[in-house]
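Chemist: There's a structure below that I have some questions on.
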Amino acid sequence: MFTTRNKLDLYVLVTALFGAKTYLVYRFFFNLNLENTMQELILFINPFVSAFLVFGITVWLKESKQLKYIRYVSLLGTLILYFNLLFYRNFGDFLTLPVLFQGSNAGDLGSSTFASLRVQDIFIFIDLVIIWRLTKKDRTDLAVNLVSKQKKLVLSLSILLLLGNYILAEIERPQLLQRGFDREYLVKNIGLFNFHIYDLVQQSHSQVQRVFADGNELFEIVNYVDQNATDQEKTYYYGIAEGKNVIFIALESVQSFVINNTVYGEEITPFLNQLIDDSFYFENFYHQTEQGKTSDSEFIIENSLYPLPSGAAYFTHSSNTLHSTPQILANEGYTSAVFHANTGSFWNRNTMYANIGIDHFYDINAYEVNEINSVGWGLKDKEFFEQSMKYLTTLPEPYYTRFITLTNHHPFELDEEDATISQYDSNSRTLNRYFQTVRYLDESIEEFFELLKEAGIYEDSIIVLMGDHYGISDFHNRAMATYLDKDEITPFDHIQLQRVPLFIHIPGHEGEVISDIAGQIDIKPTLLYLLGVDDSKDIGFGTSLFAPNRKDYIALRDGSFISNELIFTKDIYYDRETGEELLNLNEEDELDVTEVNPYAHLNEQIELELSYSDRIIYGDLFRFYNFTN
């Protein structure tokens, strides 16, 4: 079955080559967290199982088509593997079907993609050269001609191997396919190519949900929100900024570890550090984005809904009926605008903004951009704020505005004359550059504050500054550990690195450092609370950060969570204050089968809340709801 005329059948040889290549890429190119020997074994097995299934199909083809099939399937598989690797280096994640449909973003990703290329990537294409040489047209002697019984045997063996792989994966991670929110677990256990098939099925299922939705699910969801995510008790802070302009600044890729920190003795964010003294600063505030990154951040803060488990709602559900902050504030007489010196179609913003009631969108066409005043992704932040003032000063008051910065975006490029602190020195060029662009952003914010004061806008405004998502992915953990003076970045450390700064600055009011856990899901109800706008008829999963009865957990899209006492991630529970490991579900002997996981109720609540948010989005359920009655 595996040899013909005393020669190894070509499909078996190609399976060995492609399987070995895929395993080595999994093991040494991706940064997969392998926790035990079983995971190591499964990771080694599944590339060969998948390859044997795909290349085994050749036995059913005519001899004239076998070589062509092997040639082009191996090429396609290699491209899928490599594009996932490039995406992983940028975002610490794997490609999904919705991401592939975000084609309008491709043109703006050039610099980030180029920065992700490595010399060692040549290895990924070596087997392809060998396979293409073996499958030249004149090598038909390598084609196989099996009888029907042998063909069925190859197919049966393929299915048995795939089933065996799945059984091992289920033993290692029960209910694996119900854990679609954690793509790394899926890739480790069923392989990248099987993951893409799984993703295709899941996306098809999600598209069907809208067709069959009838709104009845909303009764259950509204009841849950009323009981778990609603606090109508008013404190001193309710309406403290009533009637004021809102200026919301998205701090591109800024993580909290840079605040009050230094590089070689130099402050990274001197202005933001100073701003803490007269602002409400939330030091345990977590971003909750997923694959949509900045667009996810926007979606969360405007709607108090969670991002989708894959893709970006800005693309996949931009026509949904929503009840967003701009729509609510419009009823209070507010004008809304977004300032972002990037292409209007990037993240499908021009479509989504119209849908959520943004009155004005100042995209790249509103700015003068040239080679001198731009770097990396576009217009430098200092120029961006300066050029934005002519539009801001003409908006009818009160207004709700968002400013989305650009300079501190991967790959963190900066002209030498704009760099005012030294680069860091590590094995990560990305981290080394990061501190300089964060410092530049800090300086641009300081200049913007001065422009607001000069224009007479500052005193009549509430200014919110928030990091939109992480800037340094776990692909750079070794360098991060060096900078933070740690031996390694543990799963606990990874979650803590998802903290991003949140400043709420209300001129004339004293500041306070607030240590309570918080997340982007809380921004919408918090702003409405401070502005004195009634949100009792809203449906969302956040609570005001100034309300007395807040939720005691923050959910992340992959099922991880942070509570007042715990951090849960990668099936491990940690003490939030000390980082001590409390319970590890990856270790079979950790929890006796007769015992009950004392924290399981929190996991169940997180999964339920995420599922409710998904049902709202996938089913477009707000089209059945009247928010005014």
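Chemist: Does region 258-273 contain at least one residue that is assigned to a loop (DSSP other than H, G, I, E, B) and either within 30 Å of residue 618 (Cβ to Cβ) or within 14 Å of the chain's Cα centre (by Cα) (or both)?
Modeler: no
Chemist: If only one of 271, 257, 315 is open to solvent by 10 Å² or more (accessible area, probe 1.4 Å) and at pLDDT below 95, which one is it? Steps first, please.
Modeler: Values: 271 fails: at pLDDT below 95; 257 fails: at pLDDT below 95.
On inspection, the qualifying residue turns out to be 315.
Chemist: Return the residue satisfying two criteria in turn: it lies in region 151-210 and is of a type in the set (Gly, Ala, Ser) and open to solvent by 10 Å² or more (accessible area, probe 1.4 Å), and of such residues it is modelled with the lowest pLDDT. Give the derivation first.
Modeler: Taking region 151-210 and keeping what is of a type in the set (Gly, Ala, Ser), we get 156, 158, 164, 169, 180, 191, 204, 206.
Filter once more, so that each one left must be open to solvent by 10 Å² or more (accessible area, probe 1.4 Å): 156, 164, 180, 204.
On the way: 156: 88, 164: 88, 180: 56, 204: 75.
Top of the filtered list is 180.
Chemist: Next question. Report whether or not residue 266 is open to solvent by 10 Å² or more (accessible area, probe 1.4 Å), more than 30 Å from residue 331 (Cα to Cα) and at pLDDT 95 or above.
Modeler: Yes.
Chemist: Also, quick follow-up: Given the criteria touching a residue at least 24 places away in the same chain (Cβ under 8 Å), part of a helix (DSSP H, G or I) and either within 26 Å of the chain's Cα centre (by Cα) or crowded, with 19+ Cβ neighbours inside 10 Å (or both), does residue 545 qualify?
Modeler: No: the conditions fail for residue 545.
Chemist: Only one of (1) more than 30 Å from residue 504 (Cα to Cα); (2) not in a loop (DSSP other than H, G, I, E, B) fails for residue 596. Which number is that?
Modeler: Residue 596 satisfies every listed condition except (2).
Chemist: Show me the helices (runs of 4 or more DSSP H) found entirely inside region 24-123 where at least 2 residues are in contact with a Leu (Cβ under 8 Å, 6 or more places away or on another chain), surrounded by fewer than 20 Cβ atoms within 10 Å (Cβ to Cβ) and at pLDDT 85 or above.
Modeler: Those helices (runs of 4 or more DSSP H) span 37-55, 63-91.
Chemist: Taking the conditions exactly as written (open to solvent by less than 70 Å² (accessible area, probe 1.4 Å), at pLDDT 85 or above and either in a helix (DSSP H, G or I) or closer than 23 Å to residue 40 by Cβ (or both)), does residue 224 satisfy them or not?
Modeler: Here the answer is yes, as residue 224 does meet what is asked.
Chemist: Does any residue in region 274-294 that is over 14 Å from residue 251 (Cα atoms) and without any contact (Cβ under 8 Å) to a residue 60 or more places away in the chain come within less than 9 Å, Cβ to Cβ, of a residue that is among the charged types (D, E, K, R) and assigned to a helix (DSSP H, G or I) six or more places away or on a different chain, and which pairs are these?
Modeler: Filtered contacts from region 274-294: 274/446; 292/298.
Chemist: Which ones in region 293-349 are of a type in the set (A, V, I, L, M, F, W, C) and either over 19 Å from residue 360 (Cα atoms) or assigned to a loop (DSSP other than H, G, I, E, B) (or both)?
Modeler: 300, 305, 308, 312, 313, 315, 322, 341
Chemist: Considering only residues of region 227-254 that are in a loop (DSSP other than H, G, I, E, B) and free of Cβ contacts under 8 Å to residues at least 12 places away in the same chain, which is surrounded by the most Cβ atoms within 10 Å (Cβ to Cβ)?
Modeler: The first filter runs over region 227-254 and keeps only residues in a loop (DSSP other than H, G, I, E, B), leaving 229-244, 252-254.
With free of Cβ contacts under 8 Å to residues at least 12 places away in the same chain added as a condition, the list becomes 234, 236.
Working: 234: 14, 236: 7.
Applying the filter and picking the extreme gives 234.
Chemist: A further question follows. Given the condition in a loop (DSSP other than H, G, I, E, B), polar (S, T, N, Q), under 24 Å from residue 335 (Cβ atoms) and out of contact with any Phe, Trp or Tyr (no Cβ under 8 Å at 6 or more places or on another chain), answer yes or no: does some residue in region 388-401 qualify?
Modeler: Yes: one or more hits.
Chemist: Separate question: So which strands (runs of 3 or more DSSP E) stay within region 452-518 end to end and still have 2 or more residues that are touching a residue at least 40 places away in the same chain (Cβ under 8 Å) and surrounded by 16 or more Cβ atoms within 10 Å (Cβ to Cβ)?
Modeler: Per the criteria, 461-467, 502-505.
The values are calculated or read from the model by the stated rules, or taken from the named source; none is laboratory data. The structure displayed is predicted, hence computed values, not measured ones. All Cβ positions, glycine included, derive from the backbone under ideal geometry; neighbour counts span all protein chains shown. These area figures cover heavy atoms from the full protein model, side chains too; ligands, DNA and RNA do not enter into them. Shrake-Rupley method; radii C 1.70, N 1.55, O 1.52, S 1.80 Å.
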